[in-house]
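Quick note: the coordinates plus some simple rules give every number you see, no bench work behind them. For clarity, every value in this text was computed on a predicted model and none was experimentally measured. Here the Cβ positions follow ideal geometry from the backbone for every residue, glycine too, while neighbour counts run over all protein chains shown.
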Ligand SMILES: [Zn+2]
């Protein structure tokens, strides 16, 4: 989960206690004093939409507008005023603690179901779907429509759909099926024309060959698979989603072109599929 604490305590003497955001956080928040309270601004340092949710963990004598929790999608490289806070009773002290959570993508994304995806590996190559939609190991909730392909370590990963690279992480070198590794994954996110994001996970260390801001074509080499993050072994996890709020996302069922079928297919767990040779 992506979040930061911001703590503000106002007593008779004003005291500010902040948890410093790290420079790498895609979203940061700041407060500006107003004549009757404070305004909370959130800024997005990345080039793509980020969806942010503000929540109180404690609020005494506070009126928030809009009511918390509140969610906004912030366009790339911009800052928005997300909320204003004021005292309910101006003559009494107030105390509040809030957190903000962020997610990649927009709440306005809607998947174009006419799009058929390409298998994310080389033409003519055959790999297995080791976990499909609603897979029992980890494809639940936000990731209910994710697919795991059996890419061995170092297998070329190809873009399943064209779009703009909006985020990469490739610093990690190890993985395991332990909670500690869930956020320590090498990942590539591509923004599609319908506002959804295609996420490719578990690349090997320094295993991504494209850069943020770069347009990638369907079938283009984007990196090499590996075993980083929450995973029992090397594979490629692929999921297409839009944001629901700062906590969660909505993934979409997708279909693929596969060798031997003239119709798009929904991939089935434990089946093998060959990438079409004619593409
Ligand atoms: Zn997976």
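Set the Förster radius R0 to 45 Å, insert the Cβ-Cβ distance between residue 89 and residue 128 as r into 1/(1 + (r/R0)^6), and round the FRET efficiency to 0.05. The partial results should precede the final answer.
On the way: r = 64 Å, r/R0 = 1.41.
Efficiency for this residue pair is about 0.10.
Let a ≥ b ≥ c be the square roots of the eigenvalues of the Cα gyration tensor of segment 125-279; is it rounded (a/c under 1.5), or, if not, prolate (a/b larger than b/c) or oblate? It comes out rounded by the Cα gyration axes.
Based on the alpha-carbon gyration tensor of segment 27-94 and its eigenvalue square roots a ≥ b ≥ c, which shape applies: rounded if a/c is under 1.5, prolate if not and a/b is larger than b/c, or oblate? If you can, show how the numbers build up before the last one.
On the way: a/c = 3.17, a/b = 2.14, b/c = 1.48.
Note, shape of segment 27-94 comes out prolate.
Placing a pseudo-label 7 Å from each Cα along the Cα-to-Cβ vector at residue 33 and residue 177 gives an inter-label distance of 5.5 nm. Within segment 168-193, find all residues whose amide N lies under 19 Å from a label point positioned 7 Å from the Cα of residue 206 along Cα-to-beta-carbon. Correct set: 168-175, 185-188. Simple spin-label estimate for residue 248 and residue 110 gives 2.1 nm between the two label positions (7 Å along the Cα-to-Cβ direction from each Cα).
For residue 255 and residue 67, what is the calculated FRET efficiency with R₀ set at 41 Å and r taken between the beta-carbons, to the nearest 0.05? It comes to 0.55. Of all DSSP bridge pairs formed entirely within the chain, close to 95 percent run antiparallel. When every alpha-carbon pair in the chain is counted, what percent end up more than 34 Å apart? So the portion of pairs separated by more than 34 Å is 27 percent. For the peptides 24-31, 48-55, 132-139, the ranking by mean Cβ contacts within 10 Å, running from highest to lowest, is 48-55, 24-31, 132-139.
Tell me, what is the percent relative contact order of the chain, built from C-alpha pairs under 8 Å that lie six or more residues apart?
Details: 787 pairs, mean separation 55.5, N = 279.
Relative contact order here is 20 percent.
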